[in-house]
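Encoded as structure tokens, the structure appears first; notes follow it.
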Amino acid sequence: MKNKLISFYKKNKKKIFSFLRIIISVSLIAFLIKTQFKDIQSAIKILKMINIPWLILSASTHVFGIWITAIRWKTLLQTQKINLNTRFLTSTVLIGFFFNNFLPSTIGGDVFRTYDVAKKTNKPLGTSGSVIVVERFSGVISAATYAIVALFLGFTAIGGQSVIIPIIIFFVICIILAFLILNPSILRLEKLVKKIKFLEKLKQKLSNVYNTFLSFKKYKMVLTKILIYSFLLQFAVILNYYLAAKALGINLSLTSFIFIVPVVATIAMIPISIGGIGLRENSLVYIMVAMGVNNEEAALCSLILFAMLIFIGIIGGITYSIRPYFSNYISKKEISKIKTNQNI
């Protein structure tokens, strides 16, 4: 019996963990609703007073965020001689939101983006994947930097708990990792890899990924530009949270969200739920309540922000469904133009 259970676990390991993540996400959202709302009527009363223009402005930050993500990605891809138009990359980013929100994986969207570019350009998955890793890491560095800025602005605690040391440690780790990506030879890891057979075999299998990382050392100006894009993207997320809170009449300053957003984003990275769902919403409510916001208003704010992500995910799913038809239509038009030119 024990052997059968072990065998079943090994065969269905991914499905089991995916199912557990779904359960955790659903449970956390249910916990949020149950513990933060007195009754449905009080929540409806707050919703009736919502400022629609501010809400629309909050939602519109996602448009900018998707566009700047595509531009950042395109800039990194160009360092690897991969030239794709912004329209295609924007559609892939949108579809990535769908995979992040509706598939039981915290990196579903990144996996799709890696595969989509590799398929479109016939480039190795390692090259496409390495670009995504560098892109994501630039986002982590920007979040850590905003968190450090928040410390200087006086946001040093959540409730009675100091966050100075965790934020500084997080920031230092990010800087060290960034330095190692640009200077992988500094620790003489090459010699260590050659001495250990297991690592040498692994390096051979991942040589393309390794070489792609090494290539970024030549593009320091490009990486600087990528960081600027990441700071802009992070600020768009901060505005998204701030404007949603403002729509509900929550009296928190923009500088408060410079502190809140990086902390919430870091907590959401913990890989125990679907795309951070549940973790993100509960941590946001906890911090906002600690800053003096009413429980119901904080909970509604987190759920509205969550609904925006779900809505974008649905648009991404629709894009995923119809994009092949548009691609075929465009291809037929291009063939028709070529034939017309030949006849002329």
* **Scope the range 249-294; condition touching a residue at least 40 places away in the same chain (Cβ under 8 Å), open to solvent by 50 Å² or more (accessible area, probe 1.4 Å), outside any helix (DSSP H, G or I) and touching a Leu at 6+ places or on another chain (Cβ under 8 Å); matching residues** => ILE272
* To do: Looking only at the range 78-88, decide whether some residue is of a type outside the set (S, T, N, Q) and crowded, with 21+ Cβ neighbours inside 10 Å.
  => no
* Go over the candidates ARG136, ARG113 one by one and state the one that is within 21 Å of THR86 (Cβ to Cβ) and buried (at least 18 other Cβ atoms within 10 Å of the Cβ). => ARG113
* Of (1) outside any helix (DSSP H, G or I); (2) at pLDDT below 85; (3) among the charged types (D, E, K, R), LYS81 satisfies all except one. Which? -> (2)
* Asked: Of these, ILE181, ILE176, ILE196, which one is modelled with pLDDT of 70 or more and either β-branched (Val, Ile, Thr) or more than 30 Å from LEU309 (Cα to Cα) (or both)?
  -> ILE176
* Structure fact -> Restricted to the range 45-71 and to residues being open to solvent by 40 Å² or more (accessible area, probe 1.4 Å) and among the polar types (S, T, N, Q), the residue nearest to ARG87 (Cα to Cα) is SER60
* **Candidates TYR325, TYR320 - the one that is open to solvent by 50 Å² or more (accessible area, probe 1.4 Å), at pLDDT 85 or above and among the hydroxyl-bearing types (Ser, Thr, Tyr)** => TYR320
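The values are calculated or read from the model by the stated rules, or taken from the named source; none is laboratory data. Quick caveat: nothing in here was measured; it's all calculated off a predicted structure. Glycine gets a Cβ as well: all are built from the backbone with ideal geometry, and neighbour counts include every protein chain shown. With ligands, DNA and RNA removed, areas are computed over all heavy atoms of the protein, side chains included. Shrake-Rupley method; radii C 1.70, N 1.55, O 1.52, S 1.80 Å.
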